[in-house]
Amino acid sequence: MSNLKMKEAALIYLDRSGGLQKFIDDCKSYNDSKQSYAVYRFNILINPSDVVELDAELGNHILHQPLKAAQVFQSVCFIAVKTLSLIGQLQTETQINIVLKLTHLPPLPSYCLNFCEFPFDYTSQRFYMMQGIVIAMTTVTKYTQGARFLCSDEACLLSKGFQYIRVHVPGATESATVRNDFFCNLCSSPLQEDRKFRVLGDKQIVEIITTKALHAFQGYSNNQPFRFQSLTIFLRDESVNKMNIGNEYKIIGIPTCVKTLQTSVCIEANSVTFCSPKVPSGISDNFRCLLSLTASSCWKFTAILTSAFASHIVPPGTYNLLKLCLLMSLVQTRDFNKEVEDCLDILIVTSDSLLVDRLLNFSINLVPRGIRHLVSTEIFPTLSRNNYGTGAVSIQAGSALLAKGGICFIGDLASHKKDKLEQLQSVMESRSITVYIPGKKSGDDIDQQMTFPIQCSFWSFIDMDSSSRKNMQKTNTLIGQMDCSLIPANLVEAFGLLINCNESSPCHTLLPTVQHTLKKAIDPEGLLYLASKQFTTEDFEKLLAFAKNLNVEFSLEAERMIHGYYLASRRIRTDSKCGSKLSASALKYLVSLSEAHARLNLRNKVLKEDVLIAALLFETSLTLKYGATVFCVSPNAVFPFELYNEEYLEQRDIYLAQYQQQLLQFITTYGPGTAFFASDE
């Protein structure tokens, strides 16, 4: 009686939810094909809340005994097929394969599978919800959805028909679904598979890690040792190719213990949903107050922000140029759907690699996807052996795909081999990487290739303090140009910003840094400056999370200025032999820099003041690469004064306003519509 009641509830739910009409439409497709199938597969969308409200027992079965619940719906659907004459070829109930697709699970702890808890409950065969980031995936292969078996004794009544049907269940391997040790229930003769009725489906294996495990890739462990392990997800049929490497997903599935080449706990995925990031509520009160106090200037807020940034690593007011560029690169990160144009790649030339390394490592921890690449691992995707015996090749993410929408800090460029640097240059120019899969490795006759977009910014540095590099440096022939002969010129060009941080540069102040280091050695946890108390690391995290989600648009003045500067700069850096020294991506970097400065000021509109900062930073970088031009920008143009008090901030505003006039004059002289600007350009 209980089973009959659940069948009635299942029929009522199908009718109310529209599932019955969808089932009828699916049956019509099967019937119109006029082909006899061993297994007829149907997906039924289930809202557990609605089912529990309709019938608690059926809802309990769906949540805690999904295989038995599927049998209830299987019986209901078979009766519907026979009563309404939906599929003429269908003979037995076992030919119907019902897959219950859940919309969600109750938001209770008992339904969440926590990667950090041990042991996993994989014996109950019920649904759990888990969330994680994809770090590897295989190519798509085939598996057996269902198969027809017949009695080998031709005299037996069961040597014909569709009495013996095998279908895949969660956790079953290929050898478990299709075996040769089945016997007839009627005469005990061996059963043989009728191969022409075998039904195949698509299968893909992905590996995910919990978001907390990203700390292992950020060079941050809070001084506590820890380990993490990936979890294997089996995607089948409709779920195949719904997950991308580097993205975060919520998965509803059934944990199982799979014994193949190795015994491990896996998840049979039931549904996959992309995780949308939470929108931050706002910024801290201290930053809100600072924004109000500096509202009369377009430059003061970011100046104070930059000075106070990372004050526990470097003294306030030092390394301002570098810190501003880091903040602008961080604010251009995205939690999802990051555009290629938003990337801000930074290459730093320094004589104090330890301090720069600490500063960059601290910065990447302020965004969800800040990844510190380890030399022992790979930056870009690689192929590896699949341990589950499916014949498919596993594609491992690499640091760049894990940093999707964030920052990939690759350390010292000298620590990478020549072929890796060439690959890095190619990827930074195209913003994509193609993985070639030989047919022999994937078990196929045809070679395959998969292309992945690279949606992160790259940070790196060059340590010029080593004796070998000091001896190799040569005298520069152009004013302002830096010797970068140790690095391939095309690779230097691929980085949008080149920053000089050595003892002779304006962003390196030796005495305050030495004093800071000594004080930190005496009191490592102490807050040495007022800025450290006023603007905490958490405050900067909130600020960046809020600012990077701002939608910005260009004002007409800013748009004209940025195009005018780009065309004028391209004009004066073009010669008849080598052509233009500005790459095709130069305009994208200028746009990204302008947007970043506007976002850092918490504005929705890009103003000409933002374009000025972008032009000064970009021109400083160009000067280091190629030497100075008629638009001569000093190395300390963005931060000409020490930011001690309000007076110095006012002087900086006046100084930048003068530079803005120089920029406008430069555009007027060399920009479009002038005698210096050729008609074809």
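Each residue of region 153-158 is assigned a 3J(HN,Hα), and the resulting list reads 8, 5, 7, 6, 5, 8 Hz, derived from the Karplus form 6.51 cos²θ - 1.76 cosθ + 1.60 (θ = phi - 60°), x at Gly and Pro.
Estimated purely from DSSP H runs of n ≥ 4, each contributing -39500 (n - 2.57), the mean residue ellipticity at 222 nm for the chain is -11000 deg cm²/dmol once divided by its residues. Residues whose amide H lies under 5 Å from that of Ile499, counting only those 5 or more places away or on a different chain, are Leu347, Ile348, Val349; hydrogens are built 1.01 Å from N in the peptide plane.
Per the Debye calculation on region 513-649 with a single equal scatterer at every Cα and no solvent contribution, log₁₀ I(q)/I(0) for q = 0.11, 0.19, 0.21, 0.22 Å⁻¹ amounts to -0.59, -1.15, -1.24, -1.29. Here's the list of lysines a cross-link from Lys300 could span, going by alpha-carbon distance under 22 Å and ignoring same-chain residues fewer than 8 apart: Lys323, Lys533, Lys542, Lys548, Lys605, Lys608. Here the spin labels are modelled as points 7 Å beyond Cα on the Cα-Cβ line, and at Gln229 and Tyr648 they lie 5.5 nm apart.
Each residue, Asp539 and Arg195, gets one label point 7 Å from its Cα in the Cβ direction; the gap between the two is 7.3 nm. Which FRET efficiency, nearest 0.05, do Lys212 and Asn185 yield, Cβ-Cβ r, R0 35 Å? With R0 = 35 Å, the Cβ-Cβ based efficiency is 0.10. With the convex hull drawn around the C-alpha atoms of region 1-103, the volume per residue stands at 89 Å³. Split the accessible area of region 1-103 by element, probe 1.4 Å, and carbon with sulfur accounts for 53%. Probing with 1.4 Å while keeping every protein chain in the model, the per residue accessible area of the chain equals 47 Å². Pulled fully out, how much extra length does the chain show between Lys242 and Leu374, if you take 0.36 nm times their separation in residues and subtract their Cα-Cα distance? Result: 44.6 nm gained on full extension.
What the phi angles of region 46-58 give under the Karplus curve with 6.51, -1.76 and 1.60, with θ = phi - 60°, is a coupling list of 10, 9, x, 4, 5, 5, 4, 5, 6, 8, 5, 5, 5 Hz, glycine and proline written as x.
Would you mind calculating the gained length between Asp465 and Ala584 on full extension (0.36 nm times residue separation, minus the Cα-Cα distance), in nm to one decimal?
Stretched fully, the Asp465-Ala584 segment lengthens by 39.6 nm.
Can you tell me the FRET efficiency between Asp412 and Lys7 if r is taken as the Cβ-Cβ distance and R0 is 56 Å, rounded to the nearest 0.05? The computed FRET efficiency comes out at 0.25.
Measuring nothing but how far apart in sequence close Cα pairs (under 8 Å, 6+ apart) lie, relative to its length, the chain scores a relative contact order of 12 percent. In order along region 601-617, the Karplus-derived 3J(HN,Hα) couplings, from 6.51 cos²θ - 1.76 cosθ + 1.60 at θ = phi - 60°, round to 8, 6, 10, 9, 10, 7, 9, 5, 5, 5, 5, 4, 4, 4, 5, 5, 5 Hz, and Gly and Pro are given as x. Within a straight-line Cα-Cα reach of under 23 Å, Lys440 can be paired with the following lysines, leaving aside sequence neighbours fewer than 8 residues apart in one chain: Lys142, Lys203. Modelled spin-label separation between Asp202 and Ser555, with each label point placed 7 Å from Cα along the Cα-to-Cβ direction: 5.0 nm.
Can you pull the percent of Cα pairs in region 59-160 with separation above 19 Å?
So the pairs more than 19 Å apart make up 66 percent of the total in region 59-160.
Across the protein chains, with a 1.4 Å probe defining accessible surface, the residues Cys151, Cys632 rank Cys632, Cys151 from largest area downward. Atom-type composition of the exposed protein surface of region 133-198 places 50 percent of the accessible area on carbon and sulfur (1.4 angstrom probe). The angle between the Cα long axis of helix 556-572 and the main principal axis of the chain comes to about 70°, on a 0 to 90 degree scale.
Per residue, the convex hull around the alpha carbon atoms of the chain comes to 215 Å³. For Ile205, the solvent-accessible surface with a 1.4 Å probe is about 10 Å², rounded to the nearest 10. Using a 7 Å offset from Cα along Cα-Cβ at Ser36, what residues in region 186-209 end up with backbone N under 17 Å from the label point? 192-199, by backbone N distance to the label point. For Ser276, put the label point 7 Å out on the Cα→Cβ axis and report which residues of region 308-336 keep their amide N under 14 Å from it. 335-336, by backbone N distance to the label point. At the residue level, Ser110 shows approximately 70 square angstrom of accessible surface with a 1.4 angstrom probe and all protein chains present. Candidate cross-link partners of Lys212 among the aspartates and glutamates, defined by an alpha-carbon separation under 20 Å and a same-chain spacing of 8 or more, comprise Glu117, Glu248, Asp335, Glu538, Glu541. Full extension of the chain between Ser85 and Thr103 gives 3.5 nm of extra length, using 0.36 nm per residue less the Cα-Cα distance.
The values are calculated or read from the model by the stated rules, or taken from the named source; none is laboratory data. The shown structure was predicted, so the numbers you read here are calculated from the model rather than taken from an experiment. Every residue, glycine among them, receives a Cβ derived from its backbone with ideal geometry; neighbour counts consider all protein chains shown. Areas reflect the complete protein model, heavy atoms only, side chains present, ligands, DNA and RNA absent. Shrake-Rupley method; radii C 1.70, N 1.55, O 1.52, S 1.80 Å.
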